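Worksheet: one structure, shown below.
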Amino acid sequence: MQFTKYEAAGNDFIVVDARKNPQDFVFCQHHACRLCDRHFGIGADGILVITQTISDLKDTSMNAAMHVINSDGSVAAMCGNGIRCVARHLYEYDGISTNCTLRIGTLGGMQQVNCLDVSDEYWYIEVILQRAVLGQICKITQNGRFWCGQCVDVGNPHAVFEIDSDPRDALQIAGEFLSNHETFPDRCNIEFIHALDERTLDFTVYERGAGPTLACGTGCVAAATAFAHHHDLKGQTIEIHAPGGILKVKVPLDPAEPPHLIGPARRVFWGNV
């Protein structure tokens, strides 16, 4: 099976184009844990499988579809960093002009993607997500420590916890605990944020299905959406400083409008397995 390794702000993926050989998709589903293992496999936060269509989306303008398989073998509906890697792959390998908007189907709906800037190594790509919907406030106690977070639906579930201390410490203490808490029956992606200034956030994430990662695209959107809501910053661009790099989120003035995620995508290497 041929694959290409990509990374987007340190969030790394094995990209497999299964449009010509559907059996590659089946192989990835059965061997995700082994392929993503960083000691005995290729190593990645997840696998992104490209097919021509997905689920019940019947859109003739769809360029391709993206299936997200986490490193533990579970499935995610959407991946904001991953879709930028898939977009770069489609632009380069399908010969699509970078002036064109791509329409990529996911289990989280149809996503639109634009290429903003191209260099030899890093491409900067914008994802127009379908939605970022604020949910309930969650309040969870852990050994006497109280956590209060904002739930956000970005095609997958997130809970954003704004804190006054280093988010890396919070991630180590509570990331896994909160992600698997009974409050979230299907588990949840957990973000810890600390405001560096009015429009800049320090950010860490515990992804369900992958654990701590260097970045999470939909997590950045969730974090920016929650922060903008609680600090009256709708219509602003929030800069997210994740461990693996910097991403930007344009938060819409109207919550019914889609948020925009901007960040890099880089091809690392390709090979056969």
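The values are calculated or read from the model by the stated rules, or taken from the named source; none is laboratory data. Remember, predicted model here, so these are calculated numbers, not experimental data. Please note: Cβ atoms are built from the backbone with ideal geometry, for glycine as well, and neighbour counts cover all protein chains shown.
Which of the strands (runs of 3 or more DSSP E) contained wholly in segment 1-65 include at least 1 residues that are of a type in the set (Gly, Ala, Ser) and either surrounded by 14 or more Cβ atoms within 10 Å (Cβ to Cβ) or more than 22 Å from the chain's Cα centre (by Cα) (or both)?
Hits in segment 1-65: 2-8, 46-51.
Those residues that are modelled with pLDDT of 95 or more and buried (at least 16 other Cβ atoms within 10 Å of the Cβ), I need them from segment 129-146; list them, please. Of everything in segment 129-146, those that are modelled with pLDDT of 95 or more and buried (at least 16 other Cβ atoms within 10 Å of the Cβ) turn out to be LEU134, CYS138, ILE140. The residues of segment 209-234 that are touching a strand residue (DSSP E or B) at 6+ places or on another chain (Cβ under 6 Å) and at pLDDT below 95, listed by number, are GLY209, ALA210.
Quick one: is GLY149 crowded, with 19+ Cβ neighbours inside 10 Å, outside the structural domain of THR106 (by TED's automatic domain parsing) and in a loop (DSSP other than H, G, I, E, B)? So GLY149 fails the test.
Here's the yes/no breakdown for (1) assigned by TED's automatic domain parsing to the domain that holds GLN111; (2) of a type in the set (S, T, N, Q); (3) in contact with a strand residue (DSSP E or B) (Cβ under 6 Å, 6 or more places away or on another chain):
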| residue | (1), (2), (3) |
| --- | --- |
| VAL26 | yes, no, no |
| ILE54 | yes, no, yes |
| LYS58 | yes, no, no |
| SER61 | yes, yes, yes |
| SER71 | yes, yes, yes |
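Scan segment 202-249 for residues that are in a loop (DSSP other than H, G, I, E, B) and not basic (Lys, Arg) and the total you get is 12. Residues in segment 84-116 that are closer than 22 Å to ASP12 by Cβ, at pLDDT 95 or above and in a strand (DSSP E or B): LEU102, ILE104, VAL113, CYS115, LEU116. Is it the case that some residue within segment 55-62 is under 29 Å from VAL249 (Cα atoms) and modelled with pLDDT of 95 or more? Looking through segment 55-62, none of the residues is under 29 Å from VAL249 (Cα atoms) and modelled with pLDDT of 95 or more. Checking each residue in segment 177-210 for being among the hydrophobic types (A, V, I, L, M, F, W, C) and either touching a residue at least 60 places away in the same chain (Cβ under 8 Å) or not assigned by TED's automatic domain parsing to the domain that holds ILE137 (or both) picks out only ALA210.
Among the listed residues ILE193, ILE173, which satisfies the condition of being outside any strand (DSSP E or B) and either farther than 21 Å from LEU261 by Cα or in contact with a Phe, Trp or Tyr (Cβ under 8 Å, 6 or more places away or on another chain) (or both)? Walk me through it before giving the result.
Details: ILE193 fails: outside any strand (DSSP E or B).
After ruling out the rest, the residue left standing is ILE173.
Taking segment 155-167 as the range and being surrounded by 15 or more Cβ atoms within 10 Å (Cβ to Cβ) and either of a type outside the set (Asp, Glu) or assigned to a helix (DSSP H, G or I) (or both) as the test, the residues that pass are GLY155, ASN156, PRO157, HIS158, ALA159, VAL160, PHE161, ILE163, PRO167.
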